[in-house]
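The values are calculated or read from the model by the stated rules, or taken from the named source; none is laboratory data. Just so it is clear, the model here is predicted, and its values are computed rather than measured. Quick reminder, even Gly has a Cβ in these numbers, built from the backbone with ideal geometry, and neighbours come from all protein chains shown.
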Amino acid sequence: MIFFKTFLIALVAFEHIYFLILEMFLWTKPKGIKTFGLKSKEFAEGTKVLAANQGLYNGFLAAGLIYSLIIKDNNLSVFFLLCVVVAGIYGAYSTKKIRLFYVQAIPAILALIFIII
């Protein structure tokens, strides 16, 4: 159980590191434009500051989760995982892209389940 809990928390953390990279550094590149389904390169350029800010928040989520693993604090893990779940639910709702819920919230929910059991 400890292995699966640690694995899932690490997975969620690494997902958010990947989101940070996509949003902060690849937003205006073909990979970022395709991943987020942006309208055009011009749109990406016009919104890159907002995306970078969003990427920074994803980095904070990843840092919190990694720190919770290092100090072995389940309460801290639960806090950051709940933040990820809320972000995944809101992101899926606000963008009308259910895929976002599955990619972001479901792994965090699974990690929470493994912490509880």
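Per-residue answers, yes or no, for (1) part of a helix (DSSP H, G or I); (2) surrounded by fewer than 17 Cβ atoms within 10 Å (Cβ to Cβ); (3) not aliphatic (A, V, I, L, M):
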position: L8; (1), (2), (3): yes, no, no
position: L11; (1), (2), (3): yes, yes, no
position: E15; (1), (2), (3): yes, no, yes
position: Y18; (1), (2), (3): yes, yes, yes
position: W27; (1), (2), (3): no, no, yes
position: G32; (1), (2), (3): yes, no, yes
Enumeration of residues in the range 40-62 that are under 16 Å from L20 (Cβ atoms), hydrophobic (A, V, I, L, M, F, W, C) and out of contact with any helix residue (DSSP H, G or I) (no Cβ under 6 Å at 6 or more places or on another chain): V49, L50, L56, F60
Restricting the range 62-117 to residues that are among the charged types (D, E, K, R) and not in a helix (DSSP H, G or I), the residue that is surrounded by the fewest Cβ atoms within 10 Å (Cβ to Cβ): K96
Pairs with Cβ under 8 Å, 6+ apart, first in the range 78-96 and more than 21 Å from K5 (Cα to Cα) and without any contact (Cβ under 8 Å) to a residue 40 or more places away in the chain, second among the β-branched types (V, I, T) and surrounded by fewer than 16 Cβ atoms within 10 Å (Cβ to Cβ): A92/I98
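Scan the range 29-44 and give yes if some residue there is of a type in the set (S, T, N, Q), over 25 Å from I109 (Cα atoms) and at pLDDT 95 or above, otherwise no. Explain how you work it out, then say what you get.
Applying the first criterion (of a type in the set (S, T, N, Q)) to the range 29-44 yields 35, 40.
Checking the rest, the ones that are also over 25 Å from I109 (Cα atoms) come to 40.
Still in the running and at pLDDT 95 or above: none.
No; the residues of the range 29-44 include none that is of a type in the set (S, T, N, Q), over 25 Å from I109 (Cα atoms) and at pLDDT 95 or above.
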Output for the range 1-34, where each listed residue is among the basic types (K, R) and within 15 Å of D73 (Cα to Cα): K5
Failed condition for L38, given (1) in a helix (DSSP H, G or I); (2) free of Cβ contacts under 8 Å to residues at least 12 places away in the same chain: (1)
